[in-house]
Structures are given as C-alpha cells and as structure tokens.
1. Return the single residue from A:412, A:87, A:77 with maximal mean-square fluctuation; model: Gaussian network over chain A, springs between Cα atoms under 10 Å.
2. How high is the FRET efficiency from residue B:80 to residue B:43, r the C-beta distance, R0 41 Å, rounded to 0.05?
3. Looking at the axis that maps chain A onto chain B, which chain A residue has the closest Cβ, and how far off is it in Å, rounded to a whole number?
4. For region A:282-303 and region B:108-178, what is the separation of their Cα centres, given in Å?
5. Among B:166, A:302, rank each residue by its count of other Cβ atoms within 10 Å, from fewest to most, as a rough exposure measure.
6. Under a plain spin-label model, where a point goes 7 Å from the Cα along Cα-to-Cβ, how far apart in nm are residue A:331 and residue A:238?
7. Based on other C-beta atoms within 10 Å, arrange B:134, A:106, B:17, A:1 from fewest to most.
8. Helix A:391-407: angle to the longest alpha-carbon principal axis of chain A, degrees 0 to 90, nearest 10?
C-alpha cells in the first residue's frame with residue numbers, strides 16, 4: 001500500500017460495463033424469454049447451470065428443510081440483524097399528506113408502496129444472506145405486498161439453492177421464490193412468463209449479464225442502481241489504532257480485486273504504521289490473493305496537510321463507505337457532503353454496518369454518493385400528486401392560468417379553463 | 001375519437017428512442033466537448049443554431065433587459081404560479097434524523113441537497129417558462145446552492161434567448177445561465193468546460209439528441225427520467241360535463257401528435273356526447289392538425305361496465321395525468337394505485353396543474369407511474385447513513401457479526417471485529 005501525497009493522487013473512475021459480446025448475449029436471452037417463457041428458462045438452466053428444473057417455484061417443504069439445515073447460531077444472528085434492519089428502515093417511512101386550503105382547494109401527495117418487486121440473488125459463493133435481508137426488508141417495511149426472489153438453481157459445487165438464502169428470504173418476508181438466475185431471470189421478472197408474473201421493480205446484485213439485463217429492461221420496470229466495485233475511505237488522525245484501520249481496509253479489499261481501500265490522514269506516523277499493519281494482517285487472510293491485488297491496484301494511503309483537507313478530499317472521492325477514525329468524529333460529520341455510509345469512531349467498524357447495525361449495506365459506489373443514496377424505503381414507494389381545485393380558486397385564478405397557457409401557444413389549455421369560466425362564473429373569471 | 005369496449009383495447013407502449021445515427025451523432029458531440037471544451041460549444045452554436053457566441057454566460061444586463069420586455073400580466077401570473085409551486089414543494093421537505101440508543105449507539109440518516117444541478121431548457125417554440133419553474137423551484141426548495149440553466153442561443157425565428165425564459169429562471173432562483181443547447185450542452189454540464197463547471201445532476205426536457213445525451217452521461221452525473229409523450233386519462237361518470245371532458249382531452253392532444261388522450265366511462269351517453277364535443281371544439285383550435293392526429297392515432301373512448309372496472313383499467317394504464325370527472329371523486333381516490341397526478345372533480349382541469357396549483361407538472365409517462373413519481377424534493381437531495389456504534393454494543397454483538405461474516409466466507413470482515421474484541425473486551429466479547 002503506497003503512501004502518497006494527496007496532491008499527487010489522480011482519481012480514475014470510469015468503469016466500462018461488459019463487452020459488445022456480453023450485450024449481444026443478453027439481448028438474445030431476453031428475446032428468448034419473451035418468446036418462449038418458462039421453456040426458455042428451463043433451457044438456460046440446463047445450459048448455464050447444468051440443472052434440469054421441473055418446477056420453477058420453490059415449495060414450502062424445501063423452505064422447511066432449509067430451516068432444519070441451518071445452524072442455530074447463524075439463525076439467531078440473522079434474526080437479530082433482520083430486526084435491526086427493520087427497525088432502522090421503519091424510521092424512514094413517510095405518510096401521504098393533504099393540504100386543505102380555506103378556499104376549498106385540497107392539494108396533496110399520496111405515497112404508496114410498489115405492488116410487486118423482484119429481488120435477484122446470485123448463486124454460488126456470492127449468495128449472501130445479508131444481501132437478501134438488505135434488499136428485501138426495505139421493500140417489506142415499505143409495504144410492498146408481493147416480494148419475489150429469483151436465484152440460480154445451482155452453480156458449480158452446490159446442489160440446489162443454498163438453504164441460508166432460503167431462510168434469509170423467509171425471514172425478510174419473501175413468499176415467492178423461483179429457481180432461475182442470470183439474464184433470463186431478469187427477463188422473466190420484467191416481462192413475465194407462464195409461471196412468473198412481471199414485477200414493477202428489480203433490485204439486487206449480480207454479475208455482468210445480470211447488470212446488463214437490468215439496464216436493458218429499465219423502462220419496462222424500474223431497477224436499482226448498478227453497483228460498481230466496493231470502496232472504503234478511512235479518514236484517520238494520529239489517535240487512530242493502526243490495527244483497526246488496517247483491518248477495516250482489508251475487510252473491503254477482500255471483496256474483490258477491483259475493490260478500493262484508502263486511508264486518508266495528516267499523520268505520517270499513522271500512515272507508516274497502518275502500512276505495516278496491512279502487510280502483517282494480509283499474511284494470514286484466507287482471501288489474501290484477492291485482498292493483496294486490491295490493495296496493490298486500488299489501495300492507497302493519502303497524506304493530507306490537515307483533517308480539513310482530508311474532508312475536502314473525501315468529498316471529492318464521495319466514497320461508498322467512510323470511516324472517521326478520529327478523536328472527535330462528530331466535529332467532522334457536518335462537513336462531510338458525499339458518502340454513502342459514515343462510520344464514526346473506533347467501534348464502528350465497517351462490518352458492523354455491512355451485517356448488523358440496521359442501516360442498509362446497498363450503497364452508492366464509484367463517486368455516485370454525490371447524487372445517490374443508500375437503498376431505502378423511498379426506493380419501494382411511488383408518489384401521486386392530488387389536485388382538488390375549488391370553484392372559488394378556479395374563478396379567481398382562471399385568468400392567470402390562461403395567460404400562462406396562451407403565452408406558451410397552448411390555446412386548448414386555455415380553453416379548458418375558459419369553458420369552465422364561461423359556464424360557471426358568468427364571464428372571464430374574477431371581479 | 002373511436003368509442004370502443006375496454007375489452008377490445010390493447011395497450012401498446014414500447015417507445016424506441018432515436019436511431020443508431022442519432023446515437024452516433026450524440027456520441028461524437030460528447031467526445032468533441034470533452035476534448036475541445038468551450039471551443040466545441042461555440043463551433044456547434046455556429047453549426048446548429050446559426051449563431052456566433054462570444055460570451056457563453058448570460059450577463060446581468062441581459063436579465064435586466066428581459067424583465068423590461070415582458071408583459072406585466074405575464075409576470076404577475078408567473079410569480080403567483082412560482083409562489084404556489086414553492087409552497088407545495090416546501091411541504092415535501094424532510095430533515096436529517098438521529099436515533100440515540102440507551103446502549104450509546106447512534107444511528108441516523110443525513111439528508112443534504114445536491115451541490116450543483118443543471119437545468120436544460122429547449123429553445124424555440126418548446127421554450128416553456130412553466131417548465132423552468134417546475135424544474136428549478138424544487139431544486140431551490142431542496143436547498144441546492146448552485147442551479148445552472150443551459151438553453152440554445154437562438155433557434156429559427158428567434159434572436160437570442162426568450163426573455164420570458166430568462167425571467168422565469170430568475171424567479172426560480174437560477175443565477176447562472178449559459179447559451180448552449182443540444183447534446184453539447186448536456187456534455188458540458190456532465191464533464192465541464194473552461195466556462196461551465198460540471199454538475200451533479202441534469203434535469204429538464206429536450207429533443208431526441210438531448211435525451212440520448214442525458215442517457216449517455218448518466219453515471220457521471222444523475223439525470224431525471226426521460227419523458228415520453230404526454231398522456232391523460234379522464235375517468236368520468238354520467239354526471240360529467242361533456243364540454244369539460246372534451247376540452248381537457250384536447251388540451252393534452254394539442255401537445256404532440258404522439259400524445260395520448262383517453263376517456264374511460266361506463267356511460268355510453270356521455271361517451272357519445274364527449275365524442276361530438278371533441279369534434280366541435282377541435283374545429284377552432286390553432287393547433288388543430290396536431291390535436292386531430294393525436295386524437296386519431298392515440299385517442300380513444302373506452303366503455304367499461306362500471307366505475308370500479310374503470311379504476312382497474314386506469315391502474316393498468318398508469319397514466320401521467322388522471323382526471324376523476326365523477327360525482328364523488330374522493331370515493332375513487334383510495335383505489336387509484338398508479339397515476340402521476342390525479343385531478344378531482346369538475347374544477348380541477350389539467351391545465352390548473354400544468355401551470356398553477358403547485359404540484360409538479362413533470363410526471364411519469366408511458367406507464368412508469370407504476371414505479372415512478374412526480375418530480376419532487378427527493379430528486380434534489382441525497383442521503384447518507386450514519387453509524388456511531390458504542391463499545392458496549394460492539395462487545396455485545398461482535399460474536400453475531402463475526403458469525404454472519406464467516407458464514408459468507410469473508411474472514412477479513414470477521415477479523416475487523418475480532419481485533420477490537422481482543423483489544424477492548426478481553427477475549428471474544430459476550431460469553
């Protein structure tokens with residue numbers, strides 16, 4: 001992990017997603033599913049997953065068996081995490097409102113849950129129960145009545161769907177699960193097949209085919225944002241424990257060779273100690289090769305002149321995860337403009353948020369924290385405006401409305417007002 | 001306008017956006033602006049707008065002149081509309097919150113305005129002051145400190161920027177205006193040039209080049225949804241005034257030959273009277289040819305068996321605008337699941353909302369009201385999660401967090417907890 005002056009650091013961020021060949025494959029798969037429905041899903045299960053799928057939907061007996069097969073300690077931890085996630089997202093809920101005016105006009109905003117949401121869950125090693133909770137619970141808390149999960153029927157080394165995933169889904173309120181993965185699963189959720197009714201929105205992580213398929217069906221349905229490689233920035237002062245900082249950087253680096261872990265600090269002493277700790281801790285990690293490559297390619301220790309300069313740099317980086325490993329984290333919080341999740345102080349290690357505390361771990365990556373937010377309740381609701389205009393207000397304001405419409409050359413707009421003024425008000429409106 | 005049974009109506013909704021040639025043009029323009037900056041903007045102004053642009057930024061003297069040139073009645077109407085829009089959007093504002101737990105943990109959600117937002121305003125006949133208000137005021141109310149407007153330097157038949165647009169921008173709190181239009185303006189907002197600093201989000205309507213450019217820069221910046229042709233559904237019972245219904249349908253139809261205006265009613269008598277009224281009112285409309293083509297191609301009167309069936313059809317259509325021209329509109333409101341803006345009763349003609357009442361006229365089109373919302377304050381803010389975990393909670397829950405991390409094969413995540421438990425707690429946390 002190189003130590004470099006912040007001034008010499010150049011931010012590179014453009015991520016290309018998939019080749020033309022990937023795109024063509026995805027286009028073809030979506031077309032097949034739209035044409036052949038379930039038959040196409042079963043064909044692709046044979047081709048890609050090496051599995052004969054008779055029944056696409058997972059039955060209650062399979063769910064029961066899953067509960068019996070998972071470890072009690074895992075289930076207890078999962079349930080506590082689910083309760084914490086639910087409690088946090090409950091606080092994001094909002095209600096419809098109406099504004100009644102003395103003139104008789106009522107204006108308002110209705111907030112309603114989406115009707116049907118699809119959750120993609122990858123198979124194999126990337127099948128994370130925590131991700132099932134983080135994607136499904138906000139939908140459940142938002143009041144979405146139908147949450148549908150799709151996940152590959154099997155992948156190399158596994159047989160069937162991982163029971164931990166099934167249990168996490170059940171705990172998160174998912175009642176409808178299909179064994180289908182890849183671009184074909186996204187196509188089924190977007191356009192429907194004989195077995196799977198289409199949804200209004202698709203969320204959840206996936207490989208490049210899944211990501212490209214989500215992008216392709218966007219418009220027919222809504223999608224969540226497509227995540228880039230994960231990132232952490234640790235902003236630390238000389239009071240930080242170097243072992244904590246290094247461990248947190250490595251927890252990010254082990255995700256993916258493309259993951260980015262950076263320390264920003266005004267303290268050269270800390271920089272050097274963290275650098276040494278990273279090397280030391282790296283040695284015994286099971287995912288050492290991934291973490292080492294991530295650290296070498298996308299890791300850095302950036303020296304800044306002051307914590308204030310560090311905050312400025314953080315706002316430019318707009319990291320997915322930000323740890324404030326400083327003596328007075330609250331004093332910096334108000335100046336942090338761009339970050340997905342902010343972890344304050346020595347005990348708020350990133351994994352606390354990844355798994356347990358309650359806030360969502362689906363966060364804006366690649367600098368999009370400048371304009372995007374953690375997955376939250378608002379992602380699973382829609383709003384409608386309501387206008388109940390009174391006769392009194394129409395008579396009083398009809399002339400102004402017509403003035404604006406006519407200025408824009410939209411005479412039929414003006415006449416929709418005029419026909420009412422002539423009929424209701426005797427003439428052209430107020431006075 | 002054909003009267004047809006709802007059962008015989010087939011919903012066609014797929015909209016292709018732009019040809020490969022359009023896309024190639026846009027790709028080239030964006031590349032040019034990224035490479036040549038201001039020089040490219042001025043070159044395209046010459047080529048596309050036929051204008052030599054010396055100074056890209058609009059100066060204060062031009063704004064002053066604009067105020068002097070607009071009609072007093074227009075200005076008064078515009079100001080009242082702006083006040084109403086501001087008042088409605090103020091009610092959408094939310095504050096950051098923190099949840100302090102007895103264990104010493106603090107969780108929260110910070111809500112902050114975006115720093116810099118770009119607003120595209122088309123030139124020529126599509127330069128709508130109302131659209132400037134509807135896009136800029138929510139950003140202003142959200143607290144966005146920098147709102148930047150771009151608009152073509154001129155188009156056929158106009159010289160310079162329409163003063164009404166300048167005045168609307170000033171009323172809506174826009175302090176930075178550049179004379180640049182088309183895909184090149186979108187590229188400048190996304191990537192910046194010598195004169196124009198990049199923004200975090202781009203909103204506002206535009207032609208196919210603008211829409212394709214917005215889609216192309218998405219990721220580098222955020223964009224609003226790309227609007228399809230405008231739509232209205234009027235759900236009416238036998239008590240509706242046929243002249244009102246017809247006028248409202250035509251106000252939508254005059255927008256665009258692709259606009260869609262539909263009446264849904266269980267009353268054949270009303271259907272026939274509205275059909276006759278549409279023909280009668282169409283005769284004297286200045287934009288008769290546009291409205292007539294819209295009505296012929298995308299207009300319909302759909303007969304349903306009951307108002308309840310009408311509501312069900314409306315939910316499938318998920319219209320941008322919905323009027324409830326019925327005796328008891330409030331009784332239907334609770335069953336309407338999908339609609340951008342809902343207008344209740346005889347006095348809530350759609351133009352009341354388009355121009356004046358306060359709710360936004362930027363609404364989800366093409367059935368996307370199933371999952372999208374009117375433009376609102378949430379579109380101009382971002383959230384950050386905050387986790388300040390206490391030592392007590394880390395010691396109590398560390399074991400559970402490690403269980404979940406290790407189950408997912410992420411040992412470095414577990415060790416980030418473990419290093420703290422070993423250092424702070426004496427051992428592995430709670431027994």
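Read the figures in this text as sums done on the coordinates, not as results from a lab. What you are looking at is a predicted structure, and each value in this text was computed from that prediction instead of being measured. Neighbour counts run over all protein chains shown; Cβ positions are idealised from the backbone, glycine included.
1. Largest GNM mean-square fluctuation: A:412.
2. 0.50
3. A:378, 3
4. 46
5. Arranged by neighbour count, lowest to highest, B:166, A:302 become A:302, B:166.
6. 1.4
7. Going from least to most buried by this count: B:17, A:106, A:1, B:134.
8. 70
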